[in-house]
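The values are calculated or read from the model by the stated rules, or taken from the named source; none is laboratory data. Bear in mind the structure is a predicted one, so any value in this text is a computation, not a measurement. Don't worry about glycine lacking a Cβ; one is built from the backbone with ideal geometry, like all the others, and counts go over all protein chains shown. For the accessible areas, the whole protein counts, side chains as well, though only heavy atoms, and no ligand, DNA or RNA atoms are used. Shrake-Rupley method; radii C 1.70, N 1.55, O 1.52, S 1.80 Å.
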Amino acid sequence: MYAAYFGLKENPFKLSPEPGYLFLSEQHRDALNYLIYGIQEKKGFVLISGGIGTGKTTICRTLLNMLDNSIETALVFNTKVSEAELLDEITSEFGIELSGESRTKKACIDALNRFLLRNSAAGKTAVLLIDEAQNLSNDVLEQVRMLSNLETEKEKLLQIILVGQPEIQETLAKPALRQLNERITVRFSLKPFSTKEAEAYIEHRLNVAGGAGKGIFARDAFPVVQNYSCGIPRRINALCDRALLVAYARNIRTIDRKVVHAAARDIGKEYFRNNVSWRSKWWMRLTA
């Protein structure tokens, strides 16, 4: 609706991940490098954690696009599963065929081990990526640990990447999961964007959408966006999208802090209830 008004080819702040809008901050590049290091050095386990909307999925998609044919991958996104269901999903993802009557836990593990040995003999690396790992039960996490025992005399046969929200750290700290926690030697925690990073992110998306990002948002708008969103990219998208719509409706060409405040009120305080700092709340009262 507002794209042409601001000289843009399309909406730059869609909530769904889009490869063409990939923005890697310094910490996102670091997280990606940790993943690559863990795979290349065959460390066995890598853990990437971060809050909702901090870019975990973006990093995973970027990693998968970078991997070549020497890497076999299995992706698990449904994590509210039993041990048997997880093993069944892993074997299916790796393309391992098992007859219906033999899909027991033992059969799946044996078949997976044979696959990994053949894969290693062919000079390939196998990577298991488990998203939303915070939903895994203790028993399933222990099963994941057992999979890391599949190895040769020289190296681990399966590289396991756990991706999840911060509560995965608390889960792994439990005494019952100490053995698994101690095996995870490569870890990275994603933090929300700073004001500087939020500004770079916003202008990057505007430039991709039309090549004229600078000037649409005034300098005083960026700290307000960062404060309302707490630096979470998904919330930045929602707020900037609404700010552009508000400006379009009011025939305003530049998004300043007043427009951002108006956009935040338009979205509603419930959206920001758990994410707004005391300063943003003060601003909201001031500009009401």
Item to check | Scan of segment 36-51 for residues that are aromatic (Phe, Trp, Tyr) and farther than 14 Å from Leu180 by Cβ, ordered by number | outcome: Tyr37
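Have a look at Ala198, Ala209, Ala126 and point out the one that is of a type in the set (Gly, Ala, Ser), in contact with a helix residue (DSSP H, G or I) (Cβ under 6 Å, 6 or more places away or on another chain) and under 30 Å from Thr254 (Cβ atoms).
Ala198
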Checklist entry - Before we move on, is Leu116 modelled with pLDDT of 95 or more, of a type in the set (A, V, I, L, M, F, W, C) and open to solvent by less than 50 Å² (accessible area, probe 1.4 Å)? => result yes
Checklist entry - What helices (runs of 4 or more DSSP H) lie completely within segment 1-103 and have 2 or more residues being open to solvent by less than 10 Å² (accessible area, probe 1.4 Å) and closer than 22 Å to Ser120 by Cα? => result 26-40, 83-93
Checklist outcome for this item: Within segment 128-184, the residues that are among the aliphatic types (A, V, I, L, M) and open to solvent by 50 Å² or more (accessible area, probe 1.4 Å) are Met146, Ala173, Ala176
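Could you look through segment 201-222, keep only residues that are β-branched (Val, Ile, Thr) and not in a loop (DSSP other than H, G, I, E, B), and pick out the one that is nearest to Gln27 (Cα to Cα)? Steps first, answer last, please.
Of segment 201-222, the ones β-branched (Val, Ile, Thr) are 202, 208, 216.
From what is left, the residues that are not in a loop (DSSP other than H, G, I, E, B) are 202, 208.
Numbers: Ile202: 17, Val208: 21 Å.
Out of the qualifying residues, it is Ile202.
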Checklist outcome for this item: The residue from Leu67, Leu86, Leu22 that alone is under 17 Å from Asp131 (Cα atoms), touching a Ser or Thr at 6+ places or on another chain (Cβ under 9 Å) and not aromatic (Phe, Trp, Tyr) is Leu86
Checklist entry - Can you name the residue in segment 223-250 that is in contact with a helix residue (DSSP H, G or I) (Cβ under 9 Å, 6 or more places away or on another chain) and assigned to a loop (DSSP other than H, G, I, E, B) and is also most open to solvent (accessible area, probe 1.4 Å) among such residues? => result Arg250
Checklist entry - When you go through (1) surrounded by fewer than 17 Cβ atoms within 10 Å (Cβ to Cβ); (2) touching a Lys or Arg at 6+ places or on another chain (Cβ under 8 Å); (3) among the small types (Gly, Ala, Ser) one by one for Ser189, which number turns out not to apply? => result (2)
Checklist entry - Restricting attention to segment 251-272, and to residues there that are among the acidic types (Asp, Glu) and either under 29 Å from Ile59 (Cβ atoms) or part of a helix (DSSP H, G or I) (or both), which single residue is most open to solvent (accessible area, probe 1.4 Å)? => result Glu270
